[in-house]
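Read the structure below first, then the notes.
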Amino acid sequence: MTRNKRPDRPSVELTEAEWAIMKAVWKHQPCAAGTVQEALAASKGWAYSTVKTTMDRMVRKGLLRIQRIRNLQLFSTTVDEVEAKRGEFYRMLKRAFDGALAPMMQFLVEHEGLSAEEARQLREIARRTTQAAKASRADDPHQGETRDGRAR
């Protein structure tokens, strides 16, 4: 099953350290490296120099940008959280399930012991998605045509 929203080009790849920093920056942006180091102190225990060096590397990679105000450097992200999650999800989907969503869902249902609440949530998502797809087809005047405009 091919979906229109799957990226044709490679998306952003984040290391574990970059994920931690991005999450802190998304929450506090624009922010100084010290703010990020403080936000991660309890969970990571990283020194300021480790955080600042990683953030400078992320600027060079295009993941963060710097706004300079005199001697202060404020960091903000160039990648939004949804875009980063989408990239991570599609890489996993491609590696583990050859890009197919249905086998991934089947795997989750059969091997991950979904709770009754999680199963209910999945059914609700499937129901809403089906309704949205039906509404989209009903609104499309070319719904019964091939890509070149011929009737099916």
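Read-outs throughout are calculated quantities, based only on the coordinates presented, and are distinct from any laboratory measurement. Values in this document were obtained by computation on a predicted structure and should not be read as measured data. No Cβ is skipped: glycine too gets one built from the backbone with ideal geometry, and neighbour counts run over all protein chains shown.
For the stretch 41-55 and the stretch 94-124, compute the distance between their C-alpha centroids and round to whole Å.
Taking the Cα centre of the stretch 94-124 as reference, the centre of the stretch 41-55 is 35 Å away.
What's the ranking of 52-61, 107-116, 37-46 by average number of surrounding C-beta atoms within 10 Å, highest first? Can you show the working numbers first?
Values: 52-61: 16.3, 107-116: 10.2, 37-46: 14.3.
Final packing ranking: 52-61, 37-46, 107-116.
Using 0.36 nm per residue, how much length does the chain from Ala132 to Ala102 gain when fully extended, once their Cα-Cα distance is taken away? Please list the in-between numbers first.
Details: separation 30, 0.36 × 30 = 10.80 nm, distance 1.81 nm.
Residue separation times 0.36 nm, minus the Cα-Cα distance, leaves 9.0 nm.
Can you give me the three principal axis dimensions of the stretch 11-99 from its C-alpha atoms, in Å, biggest first?
The Cα atoms of the stretch 11-99 stretch 49, 26, 20 Å along their principal axes.
Quick check on the stretch 100-140: what are the equivalent-ellipsoid semi-axes from the Cα gyration tensor, as sqrt(5λ), descending, whole Å? Walk me through the intermediate numbers first.
Values: eigenvalues 129, 33, 3 Å².
Largest first, the stretch 100-140 gives 25, 13, 4 Å.
Fully extended, how many nm does the chain gain between Val59 and Glu112 (0.36 nm per residue separation, minus their Cα-Cα distance)?
So the extension gain works out to 15.3 nm.
Which of the peptides 28-36, 127-135 is most tightly packed, and how do the rest follow, judged by the mean count of other Cβ atoms within 10 Å per residue? Mind dumping the intermediate values first?
Details: 28-36: 18.2, 127-135: 10.0.
With the highest mean Cβ count within 10 Å placed first, the list reads 28-36, 127-135.
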